[in-house]
Amino acid sequence: MIMVAGCSSPKFNIEFQLPTSINSTYPLTYYASSPKQGKWISSAIVVQQGKGKMTFPVSDPAVVTLTAAGSTLYFYVERGDKVMVKGDSADPSSWVFSGNSINEDWSKWRKENSSQIAGGNAEKINSAVDKFVKKNPSNPLSALLLLYEYDRRINNEGFLKLWKSLKGEAAKEKWITISGRSDLYTNIPLEPVNVKRKHSIPLHSLVNGTDTIVTGKVPVVLMVWRNGDREREEFIDSLRALRKAHPDSASFIIADICFDPDSINWAAPLGRDSLEHIIRAWNPVAEADSVMRSLGIERTPMIITIPPLNK
């Protein structure tokens, strides 16, 4: 009974075994859900002389995002898991995550495709995911690679084709639930922007605390993003140029909205962006937000324009 209770404990452990020369702090974020409630958890693990160990709450399965040395790594956890992170260097791409078969497969995939991942080339990473999914359509990792590693923005058609090819365990809805992706639920159809009616868009904003954008009277441009998005800077430059071309913020509304669950990730890059007369906003519910869904927002980074209603 004690062993069974221990295995089903609503938590997971993570332990690092790295070279003794490594002294660092690694931030992590994940969504801890349960039948009654859910919340985003942001924390960090301190590794000293290569060693570090912590325990975190988890009820339902989750995918944890770990930031290390400028790289973003993902690993899968269920309640009772004991995740071990081992490596012979400070290079995160060489680290091996254990604790369950998904982590072992994910670590193997990262190692086999280390050159594509290290280069940050989205097309090469997509190609590596494509290859794995086609060979392993029933492996749950195929679903997770599509959700977390594949850049849908540059090849939406390829993403949908691969997603529809998933079978068995990989095709279960729970992987969508874990990721919080609203654009894949067949019972929640995404709608194009409906320019025949007004939209009221409540937002957490940097300057005022809260702002509500009401569409219909003037043009509205929205950019949604996450801190790790490739080409985010190019999108920001586009907003800057757009504001320069339309300097009156009352007659031409522009807002950028961060979808990161952690407000620290939202605020961190805002100072260097130096955007003016643009609403700097945050929506941690992201694509799952009903208003965002109604606007047809399904990924980041993404820019949509909402014209005024015809008089």
*Contacts under 7 angstrom Cβ, first residue in region 266-294 being at positive phi, partner surrounded by fewer than 20 Cβ atoms within 10 Å (Cβ to Cβ) and at pLDDT 85 or above, 6 or more apart*: His277/Arg243; His277/Ser249
*Find all pairs meeting these conditions: Cβ atoms under 8 angstrom apart; at least six residues apart or on different chains; first residue within region 128-149 and more than 13 Å from Gly168 (Cβ to Cβ) and in a loop (DSSP other than H, G, I, E, B); second residue at pLDDT 95 or above and among the β-branched types (Val, Ile, Thr).*
Glu149/Val129
*Filter result (at pLDDT 90 or above and part of a loop (DSSP other than H, G, I, E, B)) within region 37-57*: Gln49, Gly50
*Failed criterion for Met292 (all others in (1) open to solvent by 20 Å² or more (accessible area, probe 1.4 Å); (2) in contact with a strand residue (DSSP E or B) (Cβ under 8 Å, 6 or more places away or on another chain) hold)*: (1)
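Within region 221-254, which residues are of a type in the set (Gly, Ala, Ser) and assigned to a loop (DSSP other than H, G, I, E, B)? Full working, then the answer.
Taking region 221-254 and keeping what is of a type in the set (Gly, Ala, Ser), we get 228, 238, 241, 245, 249-251.
Answer for region 221-254, where residues must be of a type in the set (Gly, Ala, Ser) and assigned to a loop (DSSP other than H, G, I, E, B): Gly228, Ser249, Ala250, Ser251.
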*Got a sec? Which strands (runs of 3 or more DSSP E) wholly within region 59-120 have at least 2 residues that are under 19 Å from Tyr26 (Cα atoms), in contact with a strand residue (DSSP E or B) (Cβ under 7 Å, 6 or more places away or on another chain) and among the small types (Gly, Ala, Ser)?*
62-68
*In region 269-282, which residues are over 16 Å from Val221 (Cα atoms) and either under 16 Å from the mean Cα position of the chain (by Cα) or in a helix (DSSP H, G or I) (or both)?*
Leu270, Gly271, Arg272, Asp273
*Examine region 197-214 for a residue that is surrounded by 16 or more Cβ atoms within 10 Å (Cβ to Cβ) and under 30 Å from Ile125 (Cβ atoms), and state whether such a residue exists.*
no
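With respect to Leu160, is the statement that it is modelled with pLDDT of 95 or more, in a helix (DSSP H, G or I), closer than 21 Å to Pro301 by Cβ and within 19 Å of the chain's Cα centre (by Cα) true?
On the way: modelled with pLDDT of 95 or more: no; in a helix (DSSP H, G or I): yes; closer than 21 Å to Pro301 by Cβ: yes; within 19 Å of the chain's Cα centre (by Cα): yes.
For Leu160, the condition - modelled with pLDDT of 95 or more, in a helix (DSSP H, G or I), closer than 21 Å to Pro301 by Cβ and within 19 Å of the chain's Cα centre (by Cα) - is not met.
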*Close pairs from region 49-68: first on the phi > 0 side of the Ramachandran plot and open to solvent by 60 Å² or more (accessible area, probe 1.4 Å), partner part of a loop (DSSP other than H, G, I, E, B) and at pLDDT 90 or above, Cβ under 7 Å, at least 6 apart*: Gln49/Thr20; Gln49/Asn23
*Among (1) more than 24 Å from the chain's Cα centre (by Cα); (2) at pLDDT 85 or above, the one test that Val64 misses*: (1)
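The values are calculated or read from the model by the stated rules, or taken from the named source; none is laboratory data. Quick caveat, the model's predicted, so the values are computed rather than measured. Note that each Cβ is placed from the backbone with ideal geometry, even for glycine, and that neighbours are counted across all protein chains shown. Ligands, DNA and RNA are excluded from the accessible area calculation, which covers all protein heavy atoms including side chains. Shrake-Rupley method; radii C 1.70, N 1.55, O 1.52, S 1.80 Å.
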